[in-house]
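One structure is given here, and the rest of the page talks about it.
The values are calculated or read from the model by the stated rules, or taken from the named source; none is laboratory data. All values derive from a computational prediction rather than experimental measurement. Because the Cβ atoms are built from the backbone with ideal geometry, glycine has one as well, and the counts that use them run over all protein chains shown.
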Amino acid sequence: MPRSKLTMPDQESTVQDPSNIPAEQSSAVEDSILGAEAAARAVGLFKQYGQGDTAVTALDHVDVEFARHQFTAIMGPSGSGKSTLMHCMAGLDASTSGSAFIGDTDLSQLKDKEMTSLRRDRLGFIFQSFNLVPTLTAAENITLPSDIAGQKVDQDWFEQITNRLGLSNRLSHRPAELSGGQQQRVACARALVSRPEIIFGDEPTGNLDSNSSAEVLAILRTAVDEDDQTVVIVTHDARAASYADRIIFLADGRIVKELHSPAIDEILATMAGIEN
Ligand SMILES: Nc1ncnc2c1ncn2[C@@H]1O[C@H](COP(=O)(O)OP(=O)(O)OP(=O)(O)O)[C@@H](O)[C@H]1O
Ligand SMILES: [Mg+2]
């Protein structure tokens, strides 16, 4: 059988031409060429709020894939649909039509209980508004999802994260006794502590000073580079976005531009172009 050679740009290995091999094997080869199955994916995702004259189209048939072991940033003007996209993809909100997948799992096919388990076991979510439980301490908030799931918290990892996020001496305080930035760092620690497959962060550094922000971004970067996790964040900050491997830009509920490993100047120029 004739074999053609495909040389990958980043590796010198050769693989079989997919057209010469059976279907199942072919898809495995394509996966290895394309960087394997996506960690999360949206297909024709459409979300409308309200009805009739007051209807707002927040997502206008979005198709997007978030590759495994990649750090993606989502940018775009206020109201462009970033939070809605993230909520629909993380199973926190239902789309009007279209599908959202985590790995191979179609979220629209899950029963409530299955959705709860998937969110708990496979996803970490850092909310734009933190969503901390006011009656629990910072430490209890951080371990709450693991506690509910009956999972043991890795104590070393807990200490490492809370230490790096500058929370060690605030752990026994309740959210109302913490600054906005400290609450946000608690929300980050909560999403990170169980080492989920994918971490979604909606402006996870929106309330942080530059040191705390750099620490959160470094932890997210390490999650991708060393712990094989997948990270997707929404941000308005070009510096934060520059930690990402890929940036997608939303405007009026559509993806209008994409950049790969961009420099800050390029991000700022793209944002300026979209906002005008
Ligand atoms: N619950 C809701 N009911 C009605 N409209 C909504 C609702 N949530 C969001 N929207 C509208 O949907 C659109 C997209 O909102 P979304 O929160 O996704 O924007 P965003 O890009 O995250 O903005 P920001 O940068 O300000 O957080 C906006 O026009 C918003 O007003
Ligand atoms: Mg938002």
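Failed condition for GLY201, given (1) of a type outside the set (Ser, Thr, Tyr); (2) farther than 22 Å from ILE161 by Cα; (3) part of a strand (DSSP E or B), with all others met?
Looking at each condition in turn, GLY201 falls short on (2).
Which residues, counting only those in the range 243-276, are outside any loop (DSSP other than H, G, I, E, B), among the charged types (D, E, K, R) and touching a residue at least 40 places away in the same chain (Cβ under 8 Å)?
We begin by selecting, within the range 243-276, every residue outside any loop (DSSP other than H, G, I, E, B); these are 246-251, 254-260, 264-275.
Applying the additional criterion that residues be among the charged types (D, E, K, R) yields 246, 254, 257-258, 265-266, 275.
Once the filter is applied, which keeps residues that are outside any loop (DSSP other than H, G, I, E, B), among the charged types (D, E, K, R) and touching a residue at least 40 places away in the same chain (Cβ under 8 Å), the range 243-276 yields ARG246, ARG254, GLU275.
Could you give me the residue pairs with C-beta distances under 9 Å whose first residue belongs to the range 40-60 and is outside any strand (DSSP E or B), whose second residue is surrounded by fewer than 17 Cβ atoms within 10 Å (Cβ to Cβ) wherever it lies, and which are 6+ apart or on separate chains?
GLY50/VAL56; ALA55/GLN48; ALA55/TYR49
Please name all residue pairs, on different chains or six or more residues apart, with Cβ atoms under 8 Å, provided the first residue is in the range 78-89 and is touching a residue at least 24 places away in the same chain (Cβ under 8 Å) and the second residue is of a type in the set (Val, Ile, Thr) and within 9 Å of ligand 2 (Cβ to nearest atom).
Close Cβ pairs (under 8 Å, with a partner that is of a type in the set (Val, Ile, Thr) and within 9 Å of ligand 2 (Cβ to nearest atom)) amount to LYS82/VAL234; SER83/VAL234; MET86/VAL234.
Residue check, THR54 against (1) surrounded by 18 or more Cβ atoms within 10 Å (Cβ to Cβ); (2) away from ligand 2 (no atom under 16 Å from the Cβ), all met but one. Which one?
(1)
Exactly one of (1) modelled with pLDDT under 95; (2) of a type in the set (Asp, Glu); (3) away from ligand 2 (no atom under 16 Å from the Cβ) is unmet by GLU275. Its number?
Single failed check for GLU275: (3).
Of all the residues that make up the range 212-271, how many are within 24 Å of LEU165 (Cβ to Cβ), within 16 Å of ligand 2 (Cβ to nearest atom), small (Gly, Ala, Ser) and out of contact with any strand residue (DSSP E or B) (no Cβ under 8 Å at 6 or more places or on another chain)?
Matching residues across the range 212-271 total 0.
Inspect all residues belonging to the range 110-124 and state whether any of them is closer than 28 Å to LEU259 by Cβ and either part of a strand (DSSP E or B) or at pLDDT 95 or above (or both).
So far as the range 110-124 goes, yes, one or more of its residues are closer than 28 Å to LEU259 by Cβ and either part of a strand (DSSP E or B) or at pLDDT 95 or above (or both).
For ILE267, only one of the following conditions fails: (1) hydrophobic (A, V, I, L, M, F, W, C); (2) closer than 25 Å to ARG119 by Cα; (3) surrounded by 19 or more Cβ atoms within 10 Å (Cβ to Cβ). What is its number?
Here ILE267 meets the rest and fails (2).
Looking at this structure, is LEU92 away from ligand 1 (no atom under 14 Å from the Cβ), touching a helix residue (DSSP H, G or I) at 6+ places or on another chain (Cβ under 9 Å) and not β-branched (Val, Ile, Thr)? Before the answer, list the steps.
On the way: away from ligand 1 (no atom under 14 Å from the Cβ): no; touching a helix residue (DSSP H, G or I) at 6+ places or on another chain (Cβ under 9 Å): yes; not β-branched (Val, Ile, Thr): yes.
So LEU92 does not fit the description; no.
Report yes if ILE274 is in contact with a strand residue (DSSP E or B) (Cβ under 8 Å, 6 or more places away or on another chain) and surrounded by 20 or more Cβ atoms within 10 Å (Cβ to Cβ), otherwise no.
no
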